[in-house]
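I have placed the structure first, in the form of structure tokens, so that the comments after it can refer back to it.
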Amino acid sequence: MLDPDLINDLRNVRDVLVFTGAGISAESGIPTFRDRMTGLWVHTDPMEIATPMAFRRNPQRVWDWHVHLADAVRVALPNAGHLAIAKLEQRGVKVTVITQNIDNLHQRAGSRNVVELHGNLLRLKPFIDEDAAFAVKQPPVICPLCGGHAAWDTCDPCANHADLAAIQLCSGPVPHCPCCGSLLRPDIVWFGEMLAPEAIETAWNAVESCELLISVGASLEVEPAASLPWCALDKGAWVIEVNPSPTELARYCHASIAASAADVLPGLLDQVAIGSMLDDPLNTFKKWFIAK
Ligand code: NAD
Ligand code: ZN
């Protein structure tokens with residue numbers, strides 16, 4: 001499937017970045033947004049409902065839509081693709097997973113070094129209405145419990161962190177912060193929102209240091225994430241794409257594998273970093289230490 005010379009080079013890499021999009025979770029039963037004519041998204045366009053404006057207009061409708069998505073995420077299991085990435089890390093290779101997914105499946109597969117560019121659906125945070133915040137002259141007061149924009153006279157001094165942690169993305173009315181009353185929302189990046197600067201910085205650092213970047217199940221249509229594989233190519237890393245519908249990157253990267261993540265990743269990742277593991281003295285020591 002791959003050029004034998006490339007396979008030989010992959011044996012010696014020591015630092016791997018796996019960049020994933022919604023496609024890697026498709027075989028776990030969570031359809032990509034681009035497949036919106038099927039499955040979960042058949043009645044609603046995610047680009048219209050997963051936005052701050054939609055939440056401001058109708059919080060309950062947006063909440064209910066995310067509950068539906070969270071139900072699918074909770075019953076999904078990591079597939080062979082997620083598991084193969086975690087296994088590579090367990091072999092002692094430095095692996096950074098930069099994901100656009102919000103489904104927690106990399107962590108559930110066992111990956112420990114995961115950067116969630118778009119947040120995590122199963123966490124909540126206060127809804128901060130940016131338009132309202134800019135409209136008032138004085139700076140907002142920050143709620144000591146949820147970090148939302150509060151008015152002191154509505155804050156409840158008896159509320160504690162356990163009250164907030166007990167609230168989950170489940171069916172029912174949209175919950176409020178027990179201290180300030182702010183509406184709560186999923187801690188994900190909606191369309192039109194900024195990515196967390198720390199996540200972007202970590203992602204760029206991982207691109208800088210990696211020797212191999214594998215882009216899996218990402219359509220590469222949304223910036224700044226879409227630039228990560230291109231920057232890795234520019235700085236001389238090996239770049240491989242795994243996507244049944246190859247993107248523009250396929251014409252420029254070292255290999256494009258037009259197949260599903262669960263089919264390809266186990267075999268592909270088994271060939272990565274085999275040589276570097278054999279001649280890394282620290283790794284030999286670690287194996288010896290674990291054997292003892
Ligand atoms: P996207 O831009 O990552 O596109 C999905 C890509 O996956 C497409 O290029 C498609 O060809 C590819 N693909 C489909 N099946 C595949 C398979 N079996 N193996 C490998 N690749 C496959 O994602 P999107 O659907 O446009 O979603 C936009 C954003 O919405 C995402 O970045 C994410 O934040 C969010 N989202 C997350 C999830 C999730 O967490 N599982 C699911 C849907 C959407
Ligand atoms: Zn609050």
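The values are calculated or read from the model by the stated rules, or taken from the named source; none is laboratory data. What you see is a predicted model; the values in this text were computed from it and never measured. Positions of Cβ are generated from backbone atoms using ideal geometry, with glycine treated the same way; all protein chains shown enter the neighbour counts. Calculation scope for accessible area: heavy atoms of the full protein, side chains included, ligands and nucleic acids excluded. Shrake-Rupley method; radii C 1.70, N 1.55, O 1.52, S 1.80 Å.
Hey, P266 hits all of (1) touching a Leu at 6+ places or on another chain (Cβ under 8 Å); (2) within 12 Å of ligand 1 (Cβ to nearest atom); (3) open to solvent by 40 Å² or more (accessible area, probe 1.4 Å) but one; which does it fall short on?
(2)
I want to confirm something. Restricting to the stretch 77-99 and keeping residues that are touching a residue at least 40 places away in the same chain (Cβ under 8 Å) and farther than 24 Å from P244 by Cα, which single residue is surrounded by the most Cβ atoms within 10 Å (Cβ to Cβ)?
Among them, the one singled out is V93.
Within the stretch 39-50, identify whether any single residue is away from ligand 2 (no atom under 16 Å from the Cβ), β-branched (V, I, T) and at pLDDT below 90, and answer yes or no. Give the derivation first.
Within the stretch 39-50, the first condition is being away from ligand 2 (no atom under 16 Å from the Cβ), and the residues that meet it are 39-50.
Then keep just the ones that are β-branched (V, I, T); that gives 42, 44, 49.
With the extra rule that they be at pLDDT below 90, the set shrinks to 42, 44.
Scanning the stretch 39-50, I find at least one residue that is away from ligand 2 (no atom under 16 Å from the Cβ), β-branched (V, I, T) and at pLDDT below 90, so the answer is yes.
Name the residues in the stretch 225-243 that are open to solvent by less than 10 Å² (accessible area, probe 1.4 Å), part of a loop (DSSP other than H, G, I, E, B) and under 18 Å from L117 (Cβ atoms), would you?
Within the stretch 225-243, the subset open to solvent by less than 10 Å² (accessible area, probe 1.4 Å) is 225-226, 228-229, 232, 237, 239-242.
Among the residues that remain, those that are also part of a loop (DSSP other than H, G, I, E, B) are: 225-226, 237.
If the condition is that a residue be open to solvent by less than 10 Å² (accessible area, probe 1.4 Å), part of a loop (DSSP other than H, G, I, E, B) and under 18 Å from L117 (Cβ atoms), then A225, A226 are the ones that fit.
Out of A262, A250, A203, which single residue is more than 20 Å from the chain's Cα centre (by Cα) and at pLDDT 95 or above?
Working: A262 fails: more than 20 Å from the chain's Cα centre (by Cα); A203 fails: more than 20 Å from the chain's Cα centre (by Cα).
Unique residue meeting the criteria: A250.
Could you list, in sequence order, the residues of the stretch 244-255 that are within 14 Å of ligand 1 (Cβ to nearest atom), under 20 Å from V207 (Cα atoms) and open to solvent by 50 Å² or more (accessible area, probe 1.4 Å)?
If the condition is that a residue be within 14 Å of ligand 1 (Cβ to nearest atom), under 20 Å from V207 (Cα atoms) and open to solvent by 50 Å² or more (accessible area, probe 1.4 Å), then E248 is the only one that fits.
Find all pairs meeting these conditions: Cβ atoms under 7 angstrom apart; at least six residues apart or on different chains; first residue within the stretch 151-176 and farther than 20 Å from N58 by Cβ and modelled with pLDDT under 95; second residue basic (K, R) and within 14 Å of ligand 2 (Cβ to nearest atom).
Going by the 7 Å Cβ cut-off, there are no qualifying pairs.
When only residues in the stretch 178-204 that are among the small types (G, A, S) and not in a helix (DSSP H, G or I) count, which is farthest from ligand 2 (Cβ to nearest atom)? Explain how you work it out, then say what you get.
So in the stretch 178-204, the residues among the small types (G, A, S) come out as 181-182, 192, 196, 199, 203.
Among the residues that remain, those that are also not in a helix (DSSP H, G or I) are: 181-182, 192, 196.
Numbers: G181: 7, S182: 5, G192: 23, A196: 20 Å.
Result: G192.
Which of the residues spanning the stretch 212-224 are crowded, with 19+ Cβ neighbours inside 10 Å, near ligand 1 (Cβ under 9 Å from one of its atoms) and small (G, A, S)? Let's see the steps before the verdict.
From the stretch 212-224, those crowded, with 19+ Cβ neighbours inside 10 Å are 212-218, 220; that's our starting set.
Imposing the further condition that a residue be near ligand 1 (Cβ under 9 Å from one of its atoms) reduces the set to 216-218, 220.
Within the stretch 212-224, G217, A218 qualify.
Which of the following residues is in contact with a Pro (Cβ under 7 Å, 6 or more places away or on another chain) and not polar (S, T, N, Q): A84, A76? Let's see the steps before the verdict.
Details: A76 fails: in contact with a Pro (Cβ under 7 Å, 6 or more places away or on another chain).
Sole residue among the options that is in contact with a Pro (Cβ under 7 Å, 6 or more places away or on another chain) and not polar (S, T, N, Q): A84.
Looking at (1) open to solvent by 60 Å² or more (accessible area, probe 1.4 Å); (2) of a type outside the set (V, I, T); (3) closer than 30 Å to Q271 by Cβ, find the lone condition where S171 falls short.
Only one criterion is unmet by S171, namely (3).
From R108, R112, grab the single residue that is under 20 Å from T20 (Cα atoms), open to solvent by 80 Å² or more (accessible area, probe 1.4 Å), modelled with pLDDT of 95 or more and not in a loop (DSSP other than H, G, I, E, B).
Details: R112 fails: not in a loop (DSSP other than H, G, I, E, B).
On inspection, the qualifying residue turns out to be R108.
Can you find even one residue in the stretch 56-76 that is closer than 20 Å to P186 by Cβ, open to solvent by 10 Å² or more (accessible area, probe 1.4 Å) and in a loop (DSSP other than H, G, I, E, B)?
The answer is yes; a qualifying residue exists.
Taking the criterion of being at pLDDT 95 or above, away from ligand 2 (no atom under 11 Å from the Cβ), outside any loop (DSSP other than H, G, I, E, B) and touching a His at 6+ places or on another chain (Cβ under 6 Å), would at least one residue in the stretch 208-223 satisfy it?
Scanning the stretch 208-223, I find no residue that is at pLDDT 95 or above, away from ligand 2 (no atom under 11 Å from the Cβ), outside any loop (DSSP other than H, G, I, E, B) and touching a His at 6+ places or on another chain (Cβ under 6 Å), so the answer is no.
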